[in-house]
Amino acid sequence: MNFCIILTLALQTVKKFSAGKIFCLFFKICYNTKKFLEVFKLLLEEILQEAAQREVSDIHLTVGQASFLRVADELFSCGEVLTQADLENILSELLSPRLQKILEERRAVDFSFTDEKISRRFRANVYYQRKFPAVALRLISEKIPTLEEIGAPKVLKNFFSATQGLILVTGKTGSGKSTTLAAFLNELCQMRP
């Protein structure tokens, strides 16, 4: 039976579990068949598609650890411990030669990419941790929310009339900086066509 069909059937039979547990099962099936690296290019597409469908916000891949998935601010550990060879194979699929050169020179590279099959964008950060490569993938939302939807203070709309100045949006990872900027700029562009 085709590996992808087995995977699809397994995911369909566990719909009663949380999104994180389903995604973890996906990783465990991949690793337990020992075909993970052989079919990674195909699986990368499926991983990204599952992430989009299951509302996985982040995928963390680090040498010496199992994969971690973030669903609704909760981290789930999945699969077996990744080796340096595992990460290098994953990077060969994600990085163009130009990005590989930047990673070698700077020891970190940020980029985004669109998965054409599912029409979704991902933001990626590849960096070195304890002398080994690591990957953090974040699914970018399809819809730009309004300032009201994200609970932004109403005072932000006062900046729409400003003709000069600098606005800083700061915060920790995952606190909504990019979402806030996207919402702000979207509403600003609607007011000033």
Subject >> Whole-Hz ³J(HN,Hα) from phi, Karplus 6.51 cos²θ - 1.76 cosθ + 1.60, for the stretch 80-89, glycine and proline x >> reply: 8, 5, 7, 9, 4, 4, 4, 5, 5, 5
**OP:** Treat every Asp and Glu Cβ in the stretch 63-193 as -1 and every Lys and Arg Cβ as +1, leave all other atoms uncharged, and give the resulting dipole magnitude about the Cα centre to the nearest 20 debye.
**Re:** 480
Subject >> Dipole moment magnitude, nearest 20 debye, the stretch 110-159 about Cα centre, only Lys, Arg, Asp, Glu C-beta charged >> reply: 200
Original post:
HN-Hα J couplings of the stretch 175-190 from phi, Karplus 6.51/-1.76/1.60, θ = phi - 60°, integer Hz, Gly and Pro as x?
Top reply: 8, x, 4, 5, 5, 4, 4, 4, 5, 4, 5, 4, 6, 4, 5, 6
Subject >> Over the stretch 64-193: Rg over Rh, Cα atoms, Kirkwood Rh >> reply: 1.05
**OP:** Check each of the GluC sites (Glu not before Pro) in the stretch 82-175 and keep only those in coil by DSSP with at most 16 other C-beta atoms within 10 angstrom; list them in order.
**Re:** GLU116, GLU142, GLU148, GLU149
Original post:
Expressed in nm to one decimal, what extension gain is obtained for the pair GLU88 and LYS172 from 0.36 nm per residue of sequence separation less their Cα-Cα distance?
Top reply: 27.4 nm
Original post:
Which value, in Å² rounded to 10, gives the accessible area of ARG138 with a 1.4 Å probe and all protein chains present?
Top reply: 60
Original post:
Taking 0.36 nm per intervening residue step and subtracting the Cα-Cα distance, what contour gain separates THR114 from GLU55 on full extension?
Top reply: 19.6 nm
Original post:
Once the whole set of protein chains is in place, how much accessible area is left on PHE122, using a 1.4 Å probe, in Å² to the nearest 10?
Top reply: 0
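The values are calculated or read from the model by the stated rules, or taken from the named source; none is laboratory data. These figures come from a predicted structure and were not determined experimentally. All Cβ positions, glycine included, derive from the backbone under ideal geometry; neighbour counts span all protein chains shown. The protein model used for the area step is the full one, side chains on, heavy atoms only, and it has no ligands, DNA or RNA in it. Shrake-Rupley method; radii C 1.70, N 1.55, O 1.52, S 1.80 Å.
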